[in-house]
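Just below is one structure, and these are the notes that go with it.
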Amino acid sequence: MDKFVIEGGVPLRGRIAISGAKNAALPLMACSLLARGEHRLANVPRLRDIATTMKLLGNMGAVCEHGDPWLRIDTRRIENFEAPYELVKTMRASVLVLGPLAARYGRARVSLPGGCAIGARPINLHLKGLESMGARVELEHGYVVVRAERLRGARIPFDQVTVTGTENLLMAAALADGVTVLENAAREPEVVQLAEHLCAMGARIEGAGSSVIAIEGVEELSPAECAVIPDRIEVGTYLVAAAITGGSLSLSPCRPDHVEAVVKKLEGTGLKVRYRGDALEAEGDGEIRSQDLKTWPFPGFPTDMQAQFMALMTLGDGASVITEQIFENRFMHVEELRRLGADIRTDGRSAVVRGVPKLSGAPVMATDLRASASLVLAALAAENTTTVSRIYHLDRGYEALEDKLSAVGARIRRVNE
Ligand code: EPU
């Protein structure tokens, strides 16, 4: 297993190239199951979750090749409709094949995701939506088995905003008979990109990006090309890297409209941010003002940036109350940040972070993707050496993290334990 050895205390300076968004690429890959032929996606990051999805689609009979610039997926021979436990347990997003398989092949067998490091994360809303569209859903030996004739359009009000739930039902509705209306739908940029791609494939969708999406099902879709949007969470993570090290970074390409809430919050902490074309330039002066934070669905501050923001607040000039409103158990980084000297107390979904003058290096352990990112950020600012073990979590979601950080001056090495 690999670990990172990080010597903190260097202000980062230079340009970082932002990769395509993992959470946009995953539904676009699943979407290929909706149409027979060769699908081509550009700007797909080289990450473990992408490799897992290629394996998942390959297992169904698709032929996938991650070249440059295209990731090609040939879906002419899909003959297996299963997402096995071995793959789903390493990547919950495997459930994204459920909607496309049910819509196009009338059957799917997908392992239940089970618990994960950031909470229970059920898929009841995905299943309820498919049932409203006429699918029969059963649980057999830990698997969700879905059977359907052609799905029917339906009105689907979500009890809670769910990103992959919205994506699954958007894909299912694209081939259903009649009109589907998703209410309280997720408004995340990744949902919008999926809707735009589906439209390029021949789907009829209105309202993506708002909380009501109407989809008029069509008989057939055909393959289309698309370039994955820049990763807004990667942008946010490197903005915090500039702030926490008192450095100055230029990040591109990025979509300013995708990172507004994060930029605004970081400006409140004292980071200076400028938009220059498709680049964001950020400059920190080492003074960090404490700010409170609540996570929200888009366009609010994303839960996927909560841990990184907390790392920054550990060095703030006062106290910060951080409230996690999306997941019930997303404070796994707290104990590890404490090992670096942070002063954090949690109470249910809130954490009170009192800024300390400095963090000091220690061995810490990564627990999930974003928690791991927060530990790397804290380590970049800490005195002496920090080792972050179990970095396979980071390999799931940050492309070439240590190369990108080294290139802007960080002292970070990958070591095989
Ligand atoms: N929920 C339910 N029932 C459902 C679906 C969701 O109760 O059927 C609850 C969840 O337990 C959670 C809330 O609704 O409390 C929101 O979960 P959501 O479904 O939106 O999360 P997700 O779709 O499983 C995606 C991202 C996550 C990101 C969340 C929230 C992908 C592949 N994953 O997950 O990304 O945190 O939306 O924005 O898009 C990450 O990249 O590190 C990551 C975890």
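The values are calculated or read from the model by the stated rules, or taken from the named source; none is laboratory data. Everything quoted here is computed from the prediction, not taken from an experiment. Reconstructed Cβ throughout: ideal geometry from the backbone, glycine too, with neighbour counts over all protein chains shown. Side chains included, ligands, DNA and RNA excluded: accessible areas come from the protein's heavy atoms. Shrake-Rupley method; radii C 1.70, N 1.55, O 1.52, S 1.80 Å.
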Restricting segment 157-210 to residues that are in contact with a Leu (Cβ under 9 Å, 6 or more places away or on another chain) and hydroxyl-bearing (S, T, Y), the one farthest from V228 (Cα to Cα) turns out to be T180
How about segment 185-299: which helices (runs of 4 or more DSSP H) wholly inside it have at least 3 residues that are at negative phi and crowded, with 23+ Cβ neighbours inside 10 Å? 189-200, 232-245
Please go through segment 331-374 and pick out each residue that is open to solvent by 30 Å² or more (accessible area, probe 1.4 Å), within 16 Å of the ligand (Cβ to nearest atom) and touching a helix residue (DSSP H, G or I) at 6+ places or on another chain (Cβ under 8 Å). M332, T367
Only one of T180, T164 is outside any loop (DSSP other than H, G, I, E, B), within 13 Å of the ligand (Cβ to nearest atom) and either touching a helix residue (DSSP H, G or I) at 6+ places or on another chain (Cβ under 8 Å) or free of Cβ contacts under 8 Å to residues at least 12 places away in the same chain (or both); which? T164
Output for Cβ contacts, cut-off 7 Å, separation at least six or different chains, first residue within 11 Å of A108 (Cα to Cα) in segment 68-83, second of a type in the set (S, T, Y), reads F81/Y105; A83/S94; A83/S111
Just to be sure before I move on: is L151 within 9 Å of the ligand (Cβ to nearest atom), under 19 Å from T75 (Cβ atoms) and in contact with a Ser or Thr (Cβ under 9 Å, 6 or more places away or on another chain) in the structure I sent? no
For L101, state whether it is part of a helix (DSSP H, G or I) and either away from the ligand (no atom under 15 Å from the Cβ) or open to solvent by 50 Å² or more (accessible area, probe 1.4 Å) (or both). yes
